[in-house]
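Okay, so here's the structure we're looking at.
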Amino acid sequence: MTEKTLGFSDSITQLGRIGSKRQSAFLKLGAATVGDLLTLYPRSYIDYTSPVLIASAPEDEPCVIRGTVLRKLAPARIRSSMTVFKLIVSDGISEMTVTIYNSKYLFESLYVGEEYLLYGKVTGGGRRRDMSSPLIINALSQDRILPVYPLTEGLTQSVVRGCVKEALQRTGDPSEIIPQEIRQRYGVCACRFALESIHFPKDMRSAQIARERLIFEELYMLSLGMRLLKTRMRERTSYIINDTDINDLEKRLPFSMTGAQKRSITECAKDMQSGVPMNRLLQGDVGSGKTVVAAACAYLAAKSGFQTALMAPTEILAAQHYKTLSELLEPLGIKVSLLTGSMTEKQKSQIRELIESGECAVAIGTHALFQKSVSFRTLGLVITDEQHRFGVNQRAELAQKGRSPHRLVMSATPIPRTLALMIFGDMDISVLDELPKGRLPIKTYGVTGKKRESMFGFVHKELLCGRQCYIVCPMIDESEMQLRSVKKYAHDVAERFKDMRVGLLHGKMPADEKESVMLDFKEHRLDILVSTTVVEVGVDVPNASVMIVENADRFGLSQLHQLRGRVGRGEYQSYCILMTDNMTPDCLKRLETLAHTNDGFKISEEDLKMRGPGEFFGQRQHGLPKLKIASLANDVDVMRSAQQAAEETLRGDRELSDPKHKMLRAAVEELFAKSAEL
Ligand code: ADP
Ligand code: MG
């Protein structure tokens, strides 16, 4: 009897051994169809192809022994729930004991005189050599390299292997979606080979070739998708600026702009003149002066008669932007308003009216600006600051408030260019790669608790010179206990610095209190600000010259870099002191990276390598389709060629509308549709 051939979109229940229990277990792994099952890629392999002799088995790592069962010992029941089975195995030269716990079934399936391949760690020497709980296959078995899959409750390796194997046998050739010329140029193997060899490779080299293809394919599709999005967003907009002169604004700045700032403003102005909505990412390290670029864009928009919404991730930051922009723009006749969640209903409704009537030209706020009740008269420009804190959906929602408004996204997380192209491939990118003149590089030190007193001595001197200091204490959660310990810490600091004014800032404070503490610090009514990480993003107090981070090991590299970026924003030599008693190599390496470089790009690259993009960007915040095999952190080279390939494919067929790309287009759309569902 021949079984029915399966299609990739058939349910996995069509497979022989999948009942409803296993079906739901597979569903947990994301596999509903046969096609999904085949993209459940192995995490690793057990390679039985190169057995070693028992006598030369490595001490600390698993190896493969090829051996014959000489005899089986009587099972020993050591507890009611534990039976130990032992066998003696010989490789022809020496012997070892094989110990199996509890699995009577496995024990009984092994026969004296038969030869097996055993994978495990050999412990003990001489006559006491032992391999415990090995993975065993018959020496005659065809598959010598076994895939190891991610599992979930209700599945075992052998069940998954069996199902995948059956799926492979019963499906026909998958349709090749990568165009042939691309496959040839980039040396990518055929799709069927890839699928077979990723699961059951005949040698590790084939597994590698398969892997390369699948990674390439995934990144190629991703690049295509991002580029398609970009092309599709080229709708028209009626918001067109007719005047790009920012002289009056420049005159009001207390400094002259950097070349990078000027260039970025020119790039934005060009976008806003074009009749197509601007969709631009402004990348700039902490302190590179992104706010001025935002102000200039809002200024140009207002001069041409349309409104700007500027979104900040925190109230403190919104208030700060409000202060900066209103001081710059109001004297030029441009009305700026602030709208945050913590305002009273009455205040909010007043501001909403100003926004609705169009009297307010620049609205600054937190997520309160997103709310349905806010309607703009002529929203032509949407700026989001520190966008890595925003969900992609929120971004989209605000953009919908206007009819094809221009969008500017500001990010302080410098992302390596290749990766930025991958994640923000639908956007144009401007980079502030130049710090304002006269900035002294921040000096960074790692210090243990023993040195706390001498560090405080140093801080005191700085404060006496008129500077200010931040002390950041991490709160793992927002619990009462943690809060108490931060309060106690602030109290101790106040005791230690009796002649100084010490303030406390934490996330649990009501917003207006937060704001007033922040303002006190900004206007130097406080000398020391003890804070949780609420100061992490964007806060700007140029007179502050010392940043102390307690328990620095609790933070990721990028976050520490952001915290450090709160100082060194003025003309003074600034210091960042990272306190930790955690002397693990990982932690030391992080602190060392920070001490050695102030370059945000290098730091984010390191961070990305250490933590991986998931953690780096926060849970799925980049809004990309979930990758099954490629890694945005590690596959940088493939990423580059995939991007190039995508560009080549789209060169002659910008929207993938050529019939020869029909399948490719469908696959890309499906990939992105899946991610939109999530
Ligand atoms: P970020 O890019 O981190 O948002 P900000 O816009 O907050 O940076 O600017 C950091 C500080 O540098 C602010 O105090 C700002 O006034 C100042 N600044 C911005 N541009 C320049 C410049 N060209 N020259 C001198 N100082 C500048
Ligand atoms: Mg900023």
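The values are calculated or read from the model by the stated rules, or taken from the named source; none is laboratory data. Just so we're clear, the structure is a prediction, and the values are computed from it rather than from any experiment. Cβ placement follows ideal geometry from the backbone for every residue including glycine, while neighbour counts extend to all protein chains displayed. With ligands, DNA and RNA removed, areas are computed over all heavy atoms of the protein, side chains included. Shrake-Rupley method; radii C 1.70, N 1.55, O 1.52, S 1.80 Å.
If Pro254 satisfies all but one of (1) touching a residue at least 12 places away in the same chain (Cβ under 8 Å); (2) in a loop (DSSP other than H, G, I, E, B); (3) open to solvent by 80 Å² or more (accessible area, probe 1.4 Å); (4) more than 16 Å from ligand 2 (Cβ to nearest atom), what's the number of the condition it fails?
(1)
The conditions are (1) under 30 Å from Glu196 (Cα atoms); (2) more than 32 Å from the chain's Cα centre (by Cα); (3) in contact (Cβ under 8 Å) with a residue 40 or more places away in the chain, and Asp60 fails exactly one of them. Which is it?
(1)
Note down all Cβ pairs under 7 Å where the first residue falls in region 124-153 and is more than 18 Å from Arg66 (Cα to Cα) and in contact (Cβ under 8 Å) with a residue 60 or more places away in the chain, the second is open to solvent by 50 Å² or more (accessible area, probe 1.4 Å) and not hydroxyl-bearing (Ser, Thr, Tyr), and they're at least six residues apart or on different chains.
Final answer for the pair search is Val148/Arg43; Tyr149/Arg43; Pro150/Arg43; Thr152/Lys28.
Keeping to region 103-154, report how many residues are in a loop (DSSP other than H, G, I, E, B), within 22 Å of Pro201 (Cα to Cα) and open to solvent by less than 30 Å² (accessible area, probe 1.4 Å).
Count: 4.
Being within 16 Å of ligand 1 (Cβ to nearest atom), within 30 Å of Ile423 (Cα to Cα), open to solvent by 10 Å² or more (accessible area, probe 1.4 Å) and of a type outside the set (Asp, Glu) is true for just one of Gln283, Gln320. Which residue is that?
Criteria check complete, one pass: Gln320.
Matching residues to (1) more than 32 Å from the chain's Cα centre (by Cα); (2) aliphatic (A, V, I, L, M); (3) assigned to a helix (DSSP H, G or I):
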site	(1), (2), (3)
Asp173	yes, no, no
Ile182	no, yes, yes
Cys189	no, no, no
Arg192	no, no, yes
Ser206	no, no, yes
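Looking at Leu464, Leu435, which one is exposed (fewer than 15 other Cβ atoms within 10 Å of the Cβ) and either touching a residue at least 40 places away in the same chain (Cβ under 8 Å) or not β-branched (Val, Ile, Thr) (or both)?
Checking each option against the conditions leaves just Leu464.
Select from region 47-71 the residues that are within 17 Å of Leu146 (Cβ to Cβ) and not in a strand (DSSP E or B) and list them in ascending order.
Across region 47-71, the qualifying residues are Tyr48, Thr49, Ser50, Pro51, Pro62.
I'd like the full set of residues that are touching a Lys or Arg at 6+ places or on another chain (Cβ under 8 Å) and either more than 16 Å from ligand 2 (Cβ to nearest atom) or at positive phi (or both), limited to region 298-328.
Gln307, Ala309, listed by residue number.
Which of the following residues is modelled with pLDDT under 85 and either open to solvent by 10 Å² or more (accessible area, probe 1.4 Å) or not aliphatic (A, V, I, L, M) (or both): Thr580, Thr593, Thr533?
Thr533
Among the residues of region 31-46, are any open to solvent by 50 Å² or more (accessible area, probe 1.4 Å), assigned to a loop (DSSP other than H, G, I, E, B) and farther than 15 Å from Val160 by Cα?
No.
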